[in-house]
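To start, the structure itself, in structure tokens.
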Amino acid sequence: MKERNSMRTRMCVLTAGVLLALTACSGGGNDDATTPAAGTESSSAGGSETTEIKMGVLPIVPSAALQLGVDKGIFKEHGFDVSLETGQGGAALLPAVVSGQMQFAISNPLSLMLAQDQGLDVQVVTGYSHALKEGDDITSVWTKPDSGIESPADLSGKTVAVNNLKTQGEVSIREVVKKAGGDPDSIDFVELGFPDMPAALDAGNIDAAWVPEPFQTIFKDAGDKLVAYNYQETMPGVPTMAVFTSGKLAKQDPELVDNFAAAVDDVTAYAQEHPDEVRETLTTFLDMKPELAQKVLIEDFRGQMDRDALQTLADLALQDGILKNKVDMDTFMPKS
């Protein structure tokens, strides 16, 4: 979706090469180096000092709650002047946080588990958005009505688009196919941006697509066929996004990190209680048409994360060879 020029958001173009370079350097960073912009103070119009924070977000529905938090002044009440910056995927935001270009970002938990598994020093500070445990879920797999795909098992041998490889979409799809009696190893997963998936499906370049909102509502309105709610059928209520920072910033300024986590928790609490305001924010944050904003499903917002669902996710990722080491949930979960 095209963002409005009036937004305080700019696109972060981050390459895999940057991530690889950071991975190679993560063990030998200079702890005395200054983290760019962290703790920078500025004066607000009222004369009180605020700390400038750059936070990475994704161009998807749940990110609108953070823009709402900015618009409602919730971050300012906690002493933060927050600027939101947009990236294509949670994994793409990791290098910016590790390098200090951003102080915080949101990412799906598996990308954070994988980052830690590869030696990147990142730390989850609080939960953010969560899949729905029952009813229609907020992410799903779709195909064309005439594709011949009638159940998840039929995805065997098919080309399925995900926004990033080796993340929660792929893991949950593999498991739902396995549960249905199909062969997950025969699926050809391809990486494609969410906005490009409807056209790719129409053109026959892919057989199925895994999408969050608003794209699942777009597929539904186009008459496409729902294959599975892959999260709900494998790890109901799993966190879809969590807030993270660098281990370096967490050690250098734990008070700032704790205060920012508290600010985000207030933002998610407000968003959970005011879904109509989240929908209204979508019309500017994602330049979404009002009629679509009224129809999309919105994730649960809260700081608390479902440990059991996260454990299932970690176990499946280990089983699929995405993770090399077992995740220590006591270390991974935010410090209470």
- Which residues, taken from segment 290-336, are small (Gly, Ala, Ser) and part of a helix (DSSP H, G or I)? 293, 309, 314, 317
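From the set of residues in segment 223-251 that are among the small types (Gly, Ala, Ser) and in contact with a strand residue (DSSP E or B) (Cβ under 9 Å, 6 or more places away or on another chain), which is nearest to residue 142 (Cα to Cα)? Steps first, answer last, please.
Of the residues in segment 223-251, the ones among the small types (Gly, Ala, Ser) are 223, 228, 237, 242, 246-247, 250.
Imposing the further condition that a residue be in contact with a strand residue (DSSP E or B) (Cβ under 9 Å, 6 or more places away or on another chain) reduces the set to 228, 237, 242, 246-247, 250.
Numbers: 228: 8, 237: 20, 242: 25, 246: 36, 247: 38, 250: 40 Å.
Here the answer is 228.
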- Query: Taking interchain pairs and intrachain pairs at least six residues apart, which have beta carbon atoms under 8 angstrom, with the first residue in segment 252-263 and in the same structural domain as residue 106 (by TED's automatic domain parsing) and the second modelled with pLDDT under 95?
  - Reply: 252/35; 252/38; 253/38; 253/39; 256/38; 256/39; 261/334
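Filter segment 247-267 for residues that are of a type in the set (Lys, Arg) and within 15 Å of residue 79 (Cα to Cα) and give the result. Before you say what the answer is, go through the steps one by one.
Initial filter on segment 247-267 (of a type in the set (Lys, Arg)): 248, 251.
Those that are of a type in the set (Lys, Arg) and within 15 Å of residue 79 (Cα to Cα): none in segment 247-267.
Report yes if some residue within segment 53-61 is within 24 Å of the chain's Cα centre (by Cα), farther than 24 Å from residue 214 by Cα and at pLDDT 50 or above; otherwise report no.
The initial filter retains those residues of segment 53-61 that are within 24 Å of the chain's Cα centre (by Cα), namely 53-61.
Next, only the ones that are farther than 24 Å from residue 214 by Cα stay: 53-54.
Those still in the list that are at pLDDT 50 or above too: 53-54.
Among the residues of segment 53-61, at least one is within 24 Å of the chain's Cα centre (by Cα), farther than 24 Å from residue 214 by Cα and at pLDDT 50 or above, which makes the answer yes.
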- Message: Tell me yes or no: at least one residue of segment 258-273 is in a loop (DSSP other than H, G, I, E, B) and either closer than 25 Å to residue 184 by Cβ or touching a helix residue (DSSP H, G or I) at 6+ places or on another chain (Cβ under 6 Å) (or both).
- Response: no
- Message: Show me the helices (runs of 4 or more DSSP H) entirely contained within segment 69-176 in which 2 or more residues are within 15 Å of the chain's Cα centre (by Cα).
- Response: 90-99, 109-117
- Considering only segment 296-308, how many residues are touching a residue at least 24 places away in the same chain (Cβ under 8 Å) and more than 16 Å from residue 62 (Cβ to Cβ)? 1
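Out of the residues in segment 294-315 that are of a type in the set (Gly, Ala, Ser) and under 15 Å from residue 112 (Cβ atoms), state the one that is surrounded by the most Cβ atoms within 10 Å (Cβ to Cβ). Even if it seems obvious, please write down each step before you answer.
Restricting attention to segment 294-315, the residues satisfying the condition of being of a type in the set (Gly, Ala, Ser) are 303, 309, 314.
From what's left, under 15 Å from residue 112 (Cβ atoms): 309, 314.
Details: 309: 20, 314: 24.
Among them, the one singled out is 314.
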- Query: Does segment 121-130 include one or more residues that are touching an Asp or Glu at 6+ places or on another chain (Cβ under 7 Å) and farther than 30 Å from residue 250 by Cβ?
  - Reply: no
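Regarding segment 106-113, can at least one residue be identified that is polar (S, T, N, Q) and within 25 Å of residue 226 (Cβ to Cβ)? Steps first, please.
Within segment 106-113, the first condition is being polar (S, T, N, Q), and the residues that meet it are 107-108, 111.
From what is left, the residues that are within 25 Å of residue 226 (Cβ to Cβ) are 108.
The answer is yes; a qualifying residue exists.
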- Any idea which of 318, 286 is buried (at least 20 other Cβ atoms within 10 Å of the Cβ), more than 18 Å from residue 131 (Cα to Cα) and out of contact with any strand residue (DSSP E or B) (no Cβ under 8 Å at 6 or more places or on another chain)? 286
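Scanning segment 204-254 for residues that are part of a loop (DSSP other than H, G, I, E, B) and aromatic (Phe, Trp, Tyr), which turns out surrounded by the fewest Cβ atoms within 10 Å (Cβ to Cβ)?
Here the residue is 229.
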- Task: For segment 212-229, enumerate the residues that are under 20 Å from the mean Cα position of the chain (by Cα), farther than 18 Å from residue 154 by Cα and not polar (S, T, N, Q).
- Result: 212, 213, 214, 215, 218
- Message: residue 164 - would you say it is surrounded by fewer than 24 Cβ atoms within 10 Å (Cβ to Cβ), in contact (Cβ under 8 Å) with a residue 60 or more places away in the chain and not charged (D, E, K, R)?
- Response: yes
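The values are calculated or read from the model by the stated rules, or taken from the named source; none is laboratory data. On a predicted model such as this, the values are computed, not experimentally measured, just so you know. Note: ideal-geometry Cβ built from the backbone for every residue, glycine included; neighbour counts use all protein chains shown.
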